Structure formats: C-alpha cells, structure tokens
Amino acid sequence: MTKPPLAPKFYGSMISSEVGGQEIAHTHSDTLLKTPHPTESLLPSHTTPSSSLLSSRGISLNLVLLLGSANVVPWLAYISVSDYWNAAFPNKQTSFIFPVLNMALLAIGTVITTLGGRNIGSLRLRIQGTNLLVTFLLLCVPLLIMPNANAGWALPAVYLNLSCLSLLVAVNQSSCYGLAGIMGPDFIQALERGKGWTGVAVVILRAFIKYADGGKGGENSKEERGIEGGIKTNGTGTFFLTASLIVCLATVGYGALVSEAFARVKVDEYEGNLKVHEATPRNTPNTTPTMGKLRRGKRERAAHAPTVDLLTRKVKNKILLRIQVPLVTVFLVFTMCISCFPGVATTLRSDTWGLGTWFPLAMVAAYNVADLIGKTLPSYTKAWKGRNVWVTAVPLLLTAVLMVMEMLEDYSLLSPDIPLLRSDLLKVLSSFLLGLFTGYSSTSCMMSAPSMVDRRYRDVATQCMATSLIFGLLTGSLGGVAIKEAVGLGGVHGGEAPPYPIIHWDHVGSGSPTGLLID
C-alpha cells in the first residue's frame, strides 16, 4: 500500500518532503520551480480517478461559479440604481463618491487579506462569515435606508453601508481566489465566469424594470419623470433583494462545496499551505543541531535566525518575479477597460438607430455578453499564456483607442471629421470587442499566474493577482475621470450598470437626476 505524502518539514533554511518513504530535501528557492508535486492531483499517479470523484469536481466547479457571482453583486446592486441615489441625494455627486470609496476600500481590504489573511480567521469564516454579513447589509438598504431617504442620517448610513460591504467583499474575494488557485485553473475561470453571468443577468433585469416602468426609446421612464412621495421609486429595491438572495445562496453553496470529496481535499490543502506559510517566518523554530556549551549554541541560533526571515522575503520576491508578466498585464487590462467603460461607452449617442435612452443599455449588454464569452474562451484556447499572455492586451488597447475616437467624433471634437465613427453598429461592435478582449485577457492572466509557481505558493500568487486586478480597476476609474476632464465633457451625462466598479460621468455639476441615465 502506498504511503500517503506528508506535509513538508522545516529544518532551518531547508525543507524536507517525505514521498513514498523516501525523504527529499530542497531549498526554499527550489520550491518555486515548476516541478511535479506529490499533491498535484487528488489521487496518486497510479490511481485512475473514479466517476464519483469526477462528478464531485463538476459540482465543485458550479459552486465556485456561484461564489464568483456573489463577489460582484453587492456593487452591481448599488450602481444599478444610480439614478435613485442622484434623486435621493441631489448635488452630492454620489456617482463619483461611490466608485472611489468602493474601490479604495476594496484595494485596502485585498492588500490586508493578501498580506495577513491567515490571521483574519479560517477559510470558512472569511467566506461564509463575510457572506452572512454582506447579506444583512444588503437587506438594510431597501428595508431601512431607502424608506428613510429624507432623514439626515440616510446619506452617512449609505456611505457606511457601502464601506463595510467593500471591505467584506475584499476579504471574501481574495480568499476565494486563493482557494481557486489551489483547486486549479478551471476554478479560477469559474470565479470569473460567475461574474460574467451576473453581469448579463443584471442587464436583463434592468431592461425588464425599465420596460415595466414605461421607459420606451427616447421617452423618460416613471423614475426619470420625477420622484415624489418621500422619494419612492419602482424597482430600486429589486437589485438589493436579488443581490442578497444570491449572496445567501453562495453562503449555503460554500457549505455544500466543502462537503464534496474533491473540494474537501483542496480546502485542507489550502489550510495546510497557510500553516506552512505561517511557519516560514520568525515562528519557525530553529532545529539545527548545536554542539558545545550553551553559550555557543545561543550564538549559533542567533546567527541563524535572520537567515530564515531573509529567505522568506526572497521567496515572496521570487513569486512576484515569476508572475510579473500576468501581474502587470491584468493591471493594464483593467486600467484600459475601465477608463473607457462605461464612462466613454455610455456617453456615446445613438445617431443612426434612434434608440435614445436604450442605447447605453445596448452598449452595456454588448459588453457584458462579450465579457462572458471572453471569460469562457481560455478553456478552449490557451495559445497565449504564461510569459506570452501580454499579447492578449494589444487588441484591447486598439479597441480602447477606437472607442475614445468615437466619443470625440460624437461630440464634434475630432478633426478631420470621420462620419464612419458615428455609426451605431461600430459603437456597439467596439463595446463588444472591449468586453471580449477584457474577459479573455484578464481570465488568461488569472489562470496562468498560479501555474508559474510551485503548488504550495499558488494561493499566494492568485491573491497577488487579485490585488493587481483591484488596483487596475481603481486606476482605470481615475483614468476615466482624466479622459473626461481632458476633453471637457463635464456636462455630458451617461451611465449604465457596468460589470465592475467604475466612475460614472453622469450628473456632473447638475442637480437633475435625469439625463441619459437609464432607470
């Protein structure tokens, strides 16, 4: 009977792994090499996976997809009722404050989780615990805050609610990425596809509510015609109730996930890796044999202690160096994307189709559908991965330039004039391509990075990628504002629910809650 692999033992700056009764020693730097690991698969190499195990893996994939969906719905709920916030709190520029507040706290929370996630609590606490709190906070909005929108405490309560949601989602999302990094590239993609499906669902729900509220073509909807009777609107609470339901399902889903045979082993491995990372720094006891008098032994231990810390820093640096290409690429991808979407995309006007206020919804629908397709493609084509993954960002850059040119032409700021850029078909196509290239490039980066380091460090690599992604979103939002200011479009309205945190260009310097913003 084959002896199961044991956890690595630490001896000073060396690591010893026991596999099949034979002890193998290697240094910290060796662990970063892409070499076979005894736990690379769930079963030993001589064992064929059973059908029940494969079935467990498939169920786990779907449950991870649900976790990915829960990561993005709180923010989607907030931005799906941007018109309501502007009507309830006029002249407060919530369309600017919400995204900056959300992403700044997302960035802070992600960094904290990446650097010290193991000190925050167990994986169950960081996923199920945060989801329960997120569900409660989401329900507070339609049940407590919206009915009292005229109260003086309402706006501070909204800011506090969003801040708490952002921090909780940051902890949850970073932990999910770390677990998915251990489970395999398909599970990282499942997290991304969960976000993509949610984006498409939000567009469908938003279109349904818009149609039910009487928004037809260029006509204003009921909400756009004015908010009366204590700022009561139709459908504004729907997004929060739906979001709370999805997050609640994800909470139950994680419980089902850890009960699956495949996922249980991976969760145990993830928790085991955290213990290994925890033992690596100063907590690692010095087991190097010493001889001679006690005084001499103390000198030897004191001389050896800094070496362990130095090796830890070297290991972290090696992880960043090995994944630097996908790390930088995913940052640039979201910087370019969010600089254009939805800020630039939803300021474009329908010149040839006459869609009126439905046109921003068409632009967002094209983006979200393409984003979902892009997130799915890496499963079928892996031509660009690893150190070549940066190539996938090149067509995205060209598409972003095209969309900015369309905006300049739309508002007669481009010289010489290019009538083709006013085509609605070209505008929708550019939004589609932006979503396609963003989804494909970002997912390829997220899937490639963990495979570039040793298995025991894949959770760290994936969390570093999540941090880079969040900072890309933050930088992209600031880039959108910079583009707006550079071309002088401070008075242009726009805005439709994007799939990621962004800065809207609507209601700048105006107390009106209408404009091109879709209800």
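Using Cβ counts within 10 Å as a stand-in for footprinting exposure, how do Y367, Y159 rank, fewest first? The partial results should precede the final answer.
Details: Y367 31, Y159 14.
Ordered from fewest to most neighbouring Cβ atoms within 10 Å, Y367, Y159 come out as Y159, Y367.
Distance cut-off 32 Å, Cα to Cα: go down the list K318/K427; K92/K316; K375/K484; K195/K385 and report the pairs above it. Pairs exceeding 32 Å: K318/K427; K92/K316. Rounded to the nearest Hz, the phi-derived 3J(HN,Hα) couplings of the stretch 136-152 under the Karplus curve 6.51 cos²θ - 1.76 cosθ + 1.60 (θ = phi - 60°) are 4, 5, 5, 5, 5, 5, x, 8, 10, 7, 4, x, 10, 5, 7, 6, x, where x marks glycine and proline. Average projection, convex hull of the Cα set of the stretch 105-154: 4.5 square nanometres.
The HN-Hα couplings worked out from phi for the stretch 239-252 by the Karplus form 6.51 cos²θ - 1.76 cosθ + 1.60 (θ = phi - 60°) are 5, 6, 5, 5, 4, 5, 5, 5, 5, 5, 5, 5, 4, 5 Hz, whole numbers, x standing for Gly and Pro. Against the empirical curve 2.2 N^0.38 Å, the C-alpha radius of gyration of the stretch 56-137 lands at a ratio of 1.37.
No lab work stands behind these numbers, since they all come straight from the coordinates. As the structure is a computational prediction, the values presented were derived from the model and not from experiment. Neighbour counts are summed over all protein chains in view; Cβ atoms, including those assigned to glycine, are modelled from backbone coordinates with ideal geometry.
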